[in-house]
Amino acid sequence: LAKLLSVQQAQARILDLLTPIGIERVTIEAAAGRILAEDIIAPQDMPFFDNSSMDGFAVRAADVLHATPDAPVSLKIVADIPAGRPSSIALRPGQAARIMTGAPLPDGADAVVPVEDTEFEPASTERLTATHVSVYTAVSPGSSIRPRGQDVTAGQTLLRVGRHIQPQDLGMLASIGKMDVAIFQRPKIGIFSSGDELVQPGQPLGVGQIYNSNSIMLAAMLEAEGAQVIHLGTARDDSRQITMLLDSAVRQQVDLIVTSAGVSVGAFDFVREVIEAHGRLNFWRVNLRPGKPLAFGVYDGIPVIGLPGNPVSAFVGCRLFVLPAVYKLAGRKQALPRRERAILTEAVESDGRESYLRAIVKQPPEVGDQLTARLTGHQGSGNLYSLIEANALLIVPSGVKSLPSGSEVEIWFLDD
Ligand code: AMP
Ligand code: MG
């Protein structure tokens with residue numbers, strides 16, 4: 001019996017065979033949630049000019065050095081500078097300019113006194129008629145000023161290739177005047193389930209039949225990572241039907257095919273055989289629990305990951321092998337789930353395979369105490385309820401058959 005591939009070896013074999021798909025340019029309006037395919041470099045300093053961070057009066061700090069509420073300093077108002085309308089004036093000693101947030105600082109000024117610390121008559125918010133302003137506080141040079149380049153300097157890398165573009169990134173792109181960006185195309189993934197027993201929800205269930213729960217679960221996992229899912233349908237346990245669906249995926253030029261079920265050693269498991277007949281099977285078993293029967297190959301030039309049929313095996317297999325494949329195709333840097341360490345509050349048994357068990361991880365009330373973990377219940381690979389109850393997967397390393405209560409284990413949170 002050939003030695004089983006480790007999870008890591010199997011992941012590497014899949015990733016080795018995949019290359020990132022193409023790049024497209026889109027307007028920034030269409031870039032939200034997509035993956036950046038170019039580094040974004042600041043074309044200029046930001047802010048681009050020294051400006052006020054407050055509504056108030058631009059002053060020379062030296063003029064108001066001794067200002068206090070009891071002994072305000074009176075300055076002559078020589079300009080009124082709203083945002084967007086720079087003034088060509090240069091402040092001389094004893095002078096001030098009313099200035100609004102974001103307005104360019106006039107020459108000669110080196111600080112802004114917030115309007116709350118001043119008084120002028122009549123205090124109109126719009127048309128300024130006052131000739132003098134009383135300043136009630138001293139300010140140090142630079143106070144309430146956003147100097148040019150405070151945020152970003154010209155030439156600085158702002159966003160890197162592989163970045164998942166967030167709303168604040170779009171704000172940054174717009175603020176440097178960019179109209180379009182290069183992004184990776186969305187991987188196109190064809191999926192189908194196979195099995196004579198499968199029925200779609202909504203249809204009556206015959207004796208011995210079950211509803212197809214894998215297709216919708218897998219599609220949602222892929223779509224959440226930005227993939228474009230093509231539902232190829234359901235194949236009966238029949239080589240011809242499986243071939244038909246794989247051929248349809250090839251015609252639709254998907255980047256990856258994901259199937260569920262029919263890859264084990266059952267008498268009606270035809271997926272492996274069909275892949276072998278039209279391409280090459282790379283591996284079909286992994287040292288993994290749940291999910292040992294997991295196949296990978298290339299069908300007519302398109303990579304195929306054959307997930308096991310049992311729903312929890314399909315979930316774990318998708319998390320471990322398909323999502324990394326989506327990341328690679330999409331040009332994103334690999335991201336594992338949020339990992340922590342936790343203390344087992346019960347003994348855990350496994351069979352020596354690298355195991356991803358459904359667990360409930362709790363944060364104890366005392367800050368600084370370690371997380372605790374226990375299993376959610378029956379770990380049968382067909383039992384979806386113990387998966388929906390779980391908030392984490394607890395990892396038992398390969399070669400370990402039992403862990404006593406109190407052991408420290410690695411866990412992956414499911415809800416990130
Ligand atoms: P198989 O890999 O074909 O031996 O299937 C293993 C187990 O998973 C069997 O109990 C199947 O009934 C079940 N199964 C297969 N496909 C699905 C599916 N799409 N949804 C839910 N259960 C499935
Ligand atoms: Mg089957």
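The values are calculated or read from the model by the stated rules, or taken from the named source; none is laboratory data. Remember, it's a predicted structure, so these values are computed and weren't measured experimentally. Neighbour counts run over all protein chains shown; Cβ positions are idealised from the backbone, glycine included. Side chains included, ligands, DNA and RNA excluded: accessible areas come from the protein's heavy atoms. Shrake-Rupley method; radii C 1.70, N 1.55, O 1.52, S 1.80 Å.
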- Query: Could you say whether any residue in region 324-344 is more than 25 Å from the chain's Cα centre (by Cα), surrounded by fewer than 24 Cβ atoms within 10 Å (Cβ to Cβ) and not acidic (Asp, Glu)?
  - Reply: yes
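Kindly indicate which of 267, 249 is in a loop (DSSP other than H, G, I, E, B) and either within 16 Å of ligand 2 (Cβ to nearest atom) or more than 12 Å from residue 309 (Cβ to Cβ) (or both). So that I can check it myself, show each step before the final result.
Values: 249 fails: in a loop (DSSP other than H, G, I, E, B).
After ruling out the rest, the residue left standing is 267.
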- Which condition does residue 313 not pass, out of (1) of a type in the set (Ser, Thr, Tyr); (2) within 16 Å of ligand 2 (Cβ to nearest atom); (3) touching a helix residue (DSSP H, G or I) at 6+ places or on another chain (Cβ under 6 Å), if it passes all the others? (3)
- Note on the structure: Across region 167-202, the tally of residues that are part of a loop (DSSP other than H, G, I, E, B) and either without any contact (Cβ under 8 Å) to a residue 24 or more places away in the chain or within 16 Å of ligand 1 (Cβ to nearest atom) (or both) stands at 6
- Which condition does residue 404 not pass, out of (1) under 23 Å from residue 213 (Cβ atoms); (2) open to solvent by 50 Å² or more (accessible area, probe 1.4 Å); (3) at pLDDT 95 or above, if it passes all the others? (1)
- Just one of 377, 399, 368 is open to solvent by less than 50 Å² (accessible area, probe 1.4 Å) and in a loop (DSSP other than H, G, I, E, B); which is it? 377
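For region 16-48, give me the residue count where each residue is among the aliphatic types (A, V, I, L, M) and open to solvent by less than 40 Å² (accessible area, probe 1.4 Å). Give the derivation first.
Here is the first cut: in region 16-48, the residues among the aliphatic types (A, V, I, L, M) are 17-18, 21, 23, 26, 28, 30-32, 35-37, 40-42, 46.
When the remaining residues are screened for being open to solvent by less than 40 Å² (accessible area, probe 1.4 Å), the result is 18, 21, 26, 28, 31, 35-37, 40, 42, 46.
Final tally of qualifying residues: 11.
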- Task: Considering each of 17, 75, 65 in turn, give the residue that is closer than 30 Å to residue 295 by Cα and not β-branched (Val, Ile, Thr).
- Result: 17
- Those residues of region 82-127 which are among the hydrophobic types (A, V, I, L, M, F, W, C), surrounded by fewer than 21 Cβ atoms within 10 Å (Cβ to Cβ) and not in a helix (DSSP H, G or I), in sequence order: 83, 89, 90, 100, 123
- Among (1) part of a strand (DSSP E or B); (2) of a type in the set (Gly, Ala, Ser); (3) within 10 Å of ligand 1 (Cβ to nearest atom), the one test that residue 215 misses: (1)
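Answer with yes or no whether residue 298 is among the β-branched types (Val, Ile, Thr) and open to solvent by 30 Å² or more (accessible area, probe 1.4 Å).
On the way: among the β-branched types (Val, Ile, Thr): yes; open to solvent by 30 Å² or more (accessible area, probe 1.4 Å): yes.
Judged against the criteria, residue 298 is a match.
Can you give me the number of residues within region 368-416 that are of a type outside the set (A, V, I, L, M, F, W, C) and more than 19 Å from residue 310 (Cα to Cα)? Give the derivation first.
Start the filter on region 368-416 by keeping residues that are of a type outside the set (A, V, I, L, M, F, W, C), which leaves 368-370, 372, 374, 376-383, 385-386, 389, 391, 397-399, 401-402, 404-408, 410, 415-416.
Going one step further and asking which of them are more than 19 Å from residue 310 (Cα to Cα), we end up with 368-370, 372, 374, 391, 397-399, 401-402, 404-408, 410, 415-416.
Of the residues in region 368-416, 19 are of a type outside the set (A, V, I, L, M, F, W, C) and more than 19 Å from residue 310 (Cα to Cα).
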- Which of (1) small (Gly, Ala, Ser); (2) part of a helix (DSSP H, G or I); (3) within 16 Å of ligand 1 (Cβ to nearest atom) does residue 206 not meet, given it meets every other one? (2)
- Query: In region 287-295, is there at least one residue being more than 28 Å from the chain's Cα centre (by Cα) and surrounded by fewer than 24 Cβ atoms within 10 Å (Cβ to Cβ)?
  - Reply: yes
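How many residues, within region 218-246, are part of a helix (DSSP H, G or I), of a type in the set (Val, Ile, Thr) and more than 12 Å from ligand 1 (Cβ to nearest atom)? Outline the logic, then answer.
As a first pass, look at region 218-246 and keep what is part of a helix (DSSP H, G or I): 218-224, 239-246.
From what is left, the residues that are of a type in the set (Val, Ile, Thr) are 242-243.
Okay, now just the ones that are also more than 12 Å from ligand 1 (Cβ to nearest atom), so 243.
So the count comes out to 1.
Considering 235, 227, which residue is in contact with a strand residue (DSSP E or B) (Cβ under 8 Å, 6 or more places away or on another chain), open to solvent by less than 20 Å² (accessible area, probe 1.4 Å) and within 11 Å of ligand 2 (Cβ to nearest atom)?
Numbers: 227 fails: within 11 Å of ligand 2 (Cβ to nearest atom).
The conditions single out 235.
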